[in-house]
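**Student:** The structure is given below, and queries will be raised subsequently.
The values are calculated or read from the model by the stated rules, or taken from the named source; none is laboratory data. No experiment lies behind these values; they were computed from the predicted model shown. Every residue, glycine as well, gets a Cβ built from its backbone with ideal geometry; the counts of neighbours run over all protein chains shown. Protein only, heavy atoms only, side chains kept; ligands, DNA and RNA dropped before computing areas. Shrake-Rupley method; radii C 1.70, N 1.55, O 1.52, S 1.80 Å.
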Amino acid sequence: MGSFLLLAFIILVAGVISVPLATRFGLGSVLGYLLAGMALSPLLGELNVDIEQLQIFAEFGVVMMLFLVGLELAPQRLWEMRRRLAGLGGGQVILTTLVLAGIALIGGNDWRTALAIGMVLALSSTAIILQTLEEKGLLKSEGGQASFSVLLVQDIAVIPMLAILPLLALPELAAGVGEAATHGGEGGHSGGMNLIADLPAWLGGIATLAAVAAVVLIGHFLTRPIFRYIAKAQLRELFTAAALLFVIGIALLMTAVGLSPALGTFLAGVVLANSEYRHELESDIAPFKGLLLGLFFITVGAGIDFALALEQWDEVVFWAAVIIAVKIVILLGIAKLAGIERQAKWLFVLSLAQAGEFAFVLIAFAVANFVFDQATADLLLLIVALTMLVTPLLFILYDKIIAPRYCQGQGGEADAIDETNSVIIAGRGRMGGIVDRMLQSAGFETTVIDYDSSHLEIVRKFGFRSYYGDATRPDLLESAGIANAKLLVVALDEREQIDKLVHYALTNYPRLHVTARALDRNHVYELWAMGCRDIVRETYDASLRMGRSAFQALGMDQEQAQAARDMFEEMDRSSMREVADLYDLETPYHQNEPLIAKVKELRERWDPVLREQMDEILKRGQ
């Protein structure tokens, strides 16, 4: 217990000291963790800490991260991305593998070793890229989504790579090892946990498909009743335990059948993307994800063999530079073919230019299966680690030099908010801008947060103070003073972002008055079911005005048209509450039989009344 607590204390101290310093100097948290690991390396060596085993444990942060990413991607959205996944991701993996394999072949390696090196180095760092994009609020940007598409395909590509590598074994290496060759398969990706490794190929394939089907079925049919049952206990820690149980269980199942646990949990996240428990799952898993990812980056820094690095520094630096340059050229070509332009192109290119954490897994697997020797593996490990260390610097290059040149709404980090007001407005577009002007004209001070930096630059020229950033981020809301605010106006454009912010605000600040923008009638019902009681449909008032104009165009005078408009609005608003009380977040509204029956009942009740009142209005004008 004492040694465990000492290790935990040392790692936490290093992270707490280094990350704020790195962030303060604009280096980002990832580089802070890497530097902390490098600084701890000698001390961890003195304490005989097994860095590799610690890294395997910390890699579960990547699993959790992909689960959270999956929660943000509904199945229909993932289907819409299918061409981008195949084109960007598939093209990057194949081209990069072939080009790097060709370079390794020219360098004098056997073609089998060269192909293995190409596969190892073709992958990028899911952990660094997604963590950094999320921190900077760039994950949902065009460049961020393109990067995510490639990363997802890369994670899938690990599976066939693990199947191909044993076929590339060098006979001379296997013979040289001798008796150890009989144990070569034990060093694989999933070790003893791979329960289908010794099964026939067709039976293993069936087991793999069954595991994937089990994830989908469990996520779709069982999680809702299970979480609903747990929620009745009203114990937050029990829900957290259930969320961890769900993620760990799926990761365990995927490992047992030889699949990537990160891929399995991503699939589970996609299945749960439309669940009403999505936001609770996200908030419960996020802290564990952040801590484990930080530990993973520390282990990467601590795992660098400094003695070997100093001995072969020129070779390591040269090949790291070659890999980054090759990837940049290939990614630029792919971006051009895919139509990714301006700063989105450079975000896409610079974020994917490194090798990734899966390289550590593939290198160990390749050595165990006699694809290349330990000396080659040690050199590759250093090269991979160096490219990962350089990645935060490439993001700094993007933030400081490239993004400011374009300034099109995808710029750097969120602004620091240095004021707290009673009103927070999330989104300063068509609706939020008008609300902001109205409130300020009446003397109310507002704090406006918006994600479109180019638009904010324009409104700032006219004297309106606004802050750039993702208004759904809890830390940004806290710095804006949401705990003491009286009103939160949610005027964001995207439905998913509106739902996320409304749910977070109502859950964590029940005394806060939330006025939310709804995109349509169904969205009103959803927000009502979440507990929001001040909802404004974005096109409702304009539609009523247009209907009034239509009445006038058909022969009514202004007074008649206004009376007809008011009558319809009164009917519509009174019926909305009756329908909203029947809305169920778990059931699509077009499959909600009680709701459909209520709508039909209201129409039968109101249509004769409306017609009668309309006749009265027309008679008054005669």
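**Student:** Can you name the number of the only condition in (1) open to solvent by less than 10 Å² (accessible area, probe 1.4 Å); (2) in contact with a His (Cβ under 7 Å, 6 or more places away or on another chain) that PHE348 fails?
**Tutor:** (2)
**Student:** Starting from the range 364-384, keep only residues that are within 14 Å of ASN109 (Cβ to Cβ), then list their pairs with residues that are open to solvent by 40 Å² or more (accessible area, probe 1.4 Å) and assigned to a loop (DSSP other than H, G, I, E, B) whose Cβ atoms are within a distance under 7 Å, requiring at least 6 positions of separation or different chains.
**Tutor:** From residues that are within 14 Å of ASN109 (Cβ to Cβ), the pairs are LEU379/GLN312.
**Student:** Further, regarding this structure: What is the number of the single condition among (1) surrounded by fewer than 21 Cβ atoms within 10 Å (Cβ to Cβ); (2) over 28 Å from the mean Cα position of the chain (by Cα); (3) modelled with pLDDT of 60 or more that GLY192 does not meet?
**Tutor:** Looking at each condition in turn, GLY192 falls short on (3).
**Student:** Could I ask something else about it? Within the range 105-125, work out how many residues are buried (at least 24 other Cβ atoms within 10 Å of the Cβ) and assigned to a helix (DSSP H, G or I). So that I can check it myself, show each step before the final result.
**Tutor:** Step one: list which residues in the range 105-125 are buried (at least 24 other Cβ atoms within 10 Å of the Cβ), which gives 116-117, 119-125.
Checking which are assigned to a helix (DSSP H, G or I) leaves us with 116-117, 119-122.
The qualifying residues number 6.
**Student:** Look through SER543, SER574 and report the one residue that is under 43 Å from the mean Cα position of the chain (by Cα), closer than 17 Å to VAL524 by Cβ, modelled with pLDDT of 85 or more and not aliphatic (A, V, I, L, M).
**Tutor:** From the options SER543, SER574, the qualifying one is SER543.
**Student:** Of the residues in the range 287-324, how many are modelled with pLDDT of 85 or more, small (Gly, Ala, Ser) and surrounded by fewer than 20 Cβ atoms within 10 Å (Cβ to Cβ)?
**Tutor:** 1
**Student:** Return yes when THR587 is in a helix (DSSP H, G or I), at pLDDT below 90 and β-branched (Val, Ile, Thr) and no when it is not.
**Tutor:** It is false that THR587 is in a helix (DSSP H, G or I), at pLDDT below 90 and β-branched (Val, Ile, Thr).
**Student:** Still on this structure: Mind checking which pairs have a first residue in the range 503-522 that is within 13 Å of THR539 (Cα to Cα) and hydroxyl-bearing (Ser, Thr, Tyr) and a second that is open to solvent by 30 Å² or more (accessible area, probe 1.4 Å) and modelled with pLDDT under 90, Cβ under 6 Å, 6 or more apart or different chains?
**Tutor:** none
**Student:** Can you name the residue in the range 482-493 that is open to solvent by 10 Å² or more (accessible area, probe 1.4 Å) and touching a residue at least 60 places away in the same chain (Cβ under 8 Å) and, of all such residues, is farthest from THR420 (Cα to Cα)? Talk me through it step by step, then tell me what you get.
**Tutor:** Pass one, the range 482-493, residues open to solvent by 10 Å² or more (accessible area, probe 1.4 Å): 483-487, 489, 492-493.
Of the ones still in play, those that are also touching a residue at least 60 places away in the same chain (Cβ under 8 Å) are 484-487, 489, 492-493.
Numbers: ASN484: 8, ALA485: 8, LYS486: 11, LEU487: 12, VAL489: 15, LEU492: 20, ASP493: 24 Å.
Within the range 482-493, the match that is farthest from THR420 (Cα to Cα) is ASP493.
**Student:** Just one of the numbered conditions (1) surrounded by fewer than 17 Cβ atoms within 10 Å (Cβ to Cβ); (2) within 26 Å of the chain's Cα centre (by Cα); (3) under 25 Å from TYR451 (Cα atoms) is not true of ALA529; which one?
**Tutor:** Only one criterion in (1) surrounded by fewer than 17 Cβ atoms within 10 Å (Cβ to Cβ); (2) within 26 Å of the chain's Cα centre (by Cα); (3) under 25 Å from TYR451 (Cα atoms) is unmet by ALA529, namely (3).
**Student:** Being among the polar types (S, T, N, Q) and modelled with pLDDT of 80 or more narrows it down to one of GLN354, GLN343, so name that one. So that I can check it myself, show each step before the final result.
**Tutor:** Values: GLN343 fails: modelled with pLDDT of 80 or more.
Going through GLN354, GLN343 in turn, the sole match is GLN354.
**Student:** Cβ-Cβ distance below 7 Å, separation of 6 or more or different chains: which pairs start in the range 538-555 with a residue that is assigned to a loop (DSSP other than H, G, I, E, B) and end on one that is surrounded by 11 or more Cβ atoms within 10 Å (Cβ to Cβ) and of a type in the set (A, V, I, L, M, F, W, C)?
**Tutor:** Correct list of pairs: GLU538/MET431; GLU538/ALA518; GLU538/LEU519.
**Student:** Now a separate question. Within the range 216-262, take every residue that is among the aromatic types (Phe, Trp, Tyr) and within 19 Å of LEU71 (Cα to Cα) and give me the one that is most open to solvent (accessible area, probe 1.4 Å).
**Tutor:** Applying the filter and picking the extreme gives PHE221.
**Student:** Scan the range 244-282 residue by residue and report those that are of a type in the set (Ser, Thr, Tyr) and over 24 Å from VAL502 (Cα atoms).
**Tutor:** Across the range 244-282, the qualifying residues are THR255, SER260, THR265.
**Student:** Between residues in the range 228-240 that are among the basic types (Lys, Arg) and residues that are outside any helix (DSSP H, G or I), which pairs lie under 6 Å by C-beta distance while being six or more apart or on different chains?
**Tutor:** Between residues of the range 228-240 that are among the basic types (Lys, Arg) and residues that are outside any helix (DSSP H, G or I), there is no close pair.
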